[in-house]
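Input: a single structure, listed below in structure tokens.
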Amino acid sequence: MANNVCLDRACGKHSQFWTLLALGGLVMLGTLSAFFYLEHHGHIETGMNNQIVWGLPHVFAVFLIVAASGVLNVASIGSVFGKKMYKARAPLSGMLALAMLAGGLAVLVLDLGRPDRLIVAMTYYNFKSIFAWNMIFYNGFFAIVGLYLITLMDHKLKPWSKPVGLLAFLWRLALTTATGSIFGFLVARAGYNSALYAPMFIIYSFAYGLAAFLVVQSVMYKWNNIAVDERILARMKNLLAVFVAAGLYFTAVLHLTNLYFAKQWEFERFLLAGDNVYTTLFWLGQVVVGGIVPLLMLFNSNASKNPAIVFLAALLVLVGGHAQMYVTIVGGQAFPLDLFPGYAETSSFFDGVMHSYTPSIWEMMLGLGGIATAFLITTVAVRVLKFLPQDDFKEIELEAKEG
Amino acid sequence: MSEPNRPESNPENGGRRTFMVAGAAVAGSAIAPGVMLYGIAQAKPADEAVTDKTRWGMLVDTTKCNSGCTDCVTACNTENALSGKTGPQDSQWIRKVEIKNLQTGAQNSLPMMCQHCENPPCVDVCPTGASMKRADGIVLVDRHICIGCRYCMMACPYKARSFVHEPLTEQNPEVPRGKGCVESCTFCVQRVDRDEKPACVEACDKAGHKALVFGDLNNPESDVAKAVKAHASTEVRGDLRLNTGVRYQGI
Amino acid sequence: MARLSSWLRLAALIGAAAVLAAPSFEAAAGADKPTLTRGKGDKCVEDTEFMRRNHMDLLKHQRDETMHKGIRTTKHSLKQCVECHAGEKSGSVAASKEDFCMACHSYAGVKLDCWDCHATKPMAKKPGQAEAKAESKASPLMPNSRNGGAKP
């Protein structure tokens, strides 16, 4: 991508803006054609089946939803915890949260067996279902974060930004708790069924969200030819490192707990030491690419002087995040349900064998549509409104001295 | 298991019911033993809602279930107009599972289908309430409000549910099913509502195995209630405390 | 909640109907009105005028009653509609635009969701299965205690 693309209206480089829009639009076109194709032919054209019921679209969708709630953290640190440096980034953070949530939800909806019944999903609620609660949290998130953005951008409403920001913060914690619980509440499956999923997803969201924010911020600065202040970069990269390390910690606790329960050994052997794609993705994708390598990069002494290192580390966290979602969602289903503990099982319905999943191009296109949606919304928003962080360096110095 | 149903103990329609039982007995003995008039033989009139006084259930005697036999599966496919294909994307409402104890080597063959739990996880997780349990314990999918999210398939401990992956035609008029919704064994609800046994049970009887006993668990006089009382039986994944309507004997 | 959601659904339905109807309405203006073939028997279960306006409500009511409560009266059931109204040529209510349901629905441009799942043809009569179960039969599932009354 060109280095000098300016997304702010002030510098008026129209052609690059339209190029970006066309790029996103092209991907969206692919997504929509995949949607109509699948709507006509059914899910038979996907790799998903009666064993792996949630596949690639859900990997992208859940990642975007988790990252969306996490990206709002930047705003929360500013508005709720009063850090000036983060407050300057609150509008961008809020807007990204909305864009990414919209992207994630779009994929979830487009993948439904009956997407034409979206109105049913919005009007029939089973309040015992954590899935139904998620829908309420998602819709509420749009409303609350939208309101929060207004309080940030309207001078008269500025005093309201703190209480509304607090509400948004609490709401996003509830939202990610509910998203993690979608998996945590699945009592029958060895890969899920753990209360740890709720806090673990919150920690993941902190890492993925901040990483997404740093990537977008880096690109915006670069395109506007602005150098990031070293102090700002140092603080944000340290925070990302803490979140990534915490994510690794939760992952370790989940698997150590499982290793202590004899009934979970088979599953852990399958995931941690198996001869399958999930083992590779777990160790290489989630742990090394998404965890250890970014940590080494972020703690490198040159990291705060070199924005490229931070940008790359954040990008790796995002890649590792997708690997984590694939392992969690598809890997959790690939391990067969144990109907008769202590027995070997065979049947015509794939009992007792590892389930296979080969995604088709259609569900890949569907999944990429989520990222394209978030990308398009962000591009347009950054173009029409001022989202570029406006730092007041005197305040930041003051804050740094206070510690 | 809930309290066995005694019609006379029910204040609401106990009187009417007792009267009709007496009437049926009189009619039966007056005409011929075992032969009843039209209407009286009905389990319930068509315009009456099912109630929780009935709990439909099944006992599978795995000692009678033949390892090579798939008559129940074939009967299910015929009754419910399933294709009978067994690819990863094809629907299977009932399947034969062969199990072997890893310690003792003991082998069993048994049919696995929706267990019609009293506390069904699929019903708990369904966002729209499409996954539902009828008052008489039969767990169904209301396809009119199923959005095809497949969360119930994630939640079911028995892998009893299938998703319809392609457009369908030639459905049984009594068993609507179609693309984009989740489905599973209904205990042949269309047959049960007119007082017939599920197709699998009928087929098993016909084959002479008689491994499946179906009926009202709440009625102490029913074959299934007598059978579960007489023999030790177990729930699959009993640790989950779902109180399944289907129980297994001999494992 | 139930009331709120039914209002929401109503609003959504009106919106959807408006969107769906708008283009086809123009196309249909001036076109001949649909001709419906007569069903079996002397008359429908309700007045024609009433059915024209309310068949969807009757069907929806019946659908919930049957699905959730196991009420299987035939008067307003979709299966019974198909029994009487299946076209002579196609044997179906929705196979072609001449068939009973499609004749109107394609004219009005209202998409039908029923036939994705429901059979459009009447039940094939199995040999030996009598129309109204008039033969005497003991109840195999309900010995002794559970016998319903004769139909009113």
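Read-outs: derived from the displayed coordinates by stated rules, not from any lab. All values derive from a computational prediction rather than experimental measurement. As a convention, Cβ positions derive from the backbone with ideal geometry for all residues, glycine included, and neighbour counts pool all protein chains shown.
Tabulated values for the structure
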item: Sole residue being buried (at least 21 other Cβ atoms within 10 Å of the Cβ) and among the hydrophobic types (A, V, I, L, M, F, W, C), chosen from A:273, A:212; result: A:212
item: Hits in region A:154-189 (condition: of a type in the set (Val, Ile, Thr) and within 14 Å of chain B (Cβ to nearest Cβ)); result: A:179, A:182, A:187
item: Count of residues meeting criterion [under 30 Å from residue A:360 (Cβ atoms) and more than 19 Å from the chain's Cα centre (by Cα)] in region A:131-157; result: 1
item: Within region A:294-310, tally of residues that are touching a residue at least 24 places away in the same chain (Cβ under 8 Å) and either buried (at least 21 other Cβ atoms within 10 Å of the Cβ) or in a loop (DSSP other than H, G, I, E, B) (or both); result: 7
item: Of all residues in region A:126-146 being touching a residue at least 60 places away in the same chain (Cβ under 8 Å) and more than 12 Å from every other protein chain (Cβ to nearest Cβ), the one that is surrounded by the most Cβ atoms within 10 Å (Cβ to Cβ); result: A:145
item: Within region A:158-209, tally of residues that are over 15 Å from residue A:69 (Cα atoms) and hydrophobic (A, V, I, L, M, F, W, C); result: 11
item: Count of region B:130-155 residues which are within 20 Å of the chain's Cα centre (by Cα) and facing chain A (nearest Cβ under 7 Å); result: 2
item: Residues (within 18 Å of residue B:192 (Cα to Cα) and in a strand (DSSP E or B)) located in region B:210-251; result: B:212, B:213, B:214, B:215, B:216, B:246
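Condition check ((1) within 20 Å of residue C:72 (Cβ to Cβ); (2) touching a residue at least 40 places away in the same chain (Cβ under 8 Å)) across all residues:
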| site | (1), (2) |
| --- | --- |
| B:132 | yes, no |
| B:149 | no, no |
| B:157 | no, yes |
| B:178 | no, no |
| B:183 | yes, yes |
| B:194 | yes, yes |
| B:205 | no, no |
| B:208 | no, no |
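Yes/no per residue for (1) surrounded by fewer than 19 Cβ atoms within 10 Å (Cβ to Cβ); (2) within 14 Å of chain B (Cβ to nearest Cβ); (3) among the polar types (S, T, N, Q):
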position: A:79; (1), (2), (3): no, no, yes
position: A:93; (1), (2), (3): no, no, yes
position: A:106; (1), (2), (3): no, no, no
position: A:116; (1), (2), (3): yes, yes, no
position: A:119; (1), (2), (3): yes, yes, no
position: A:124; (1), (2), (3): no, yes, no
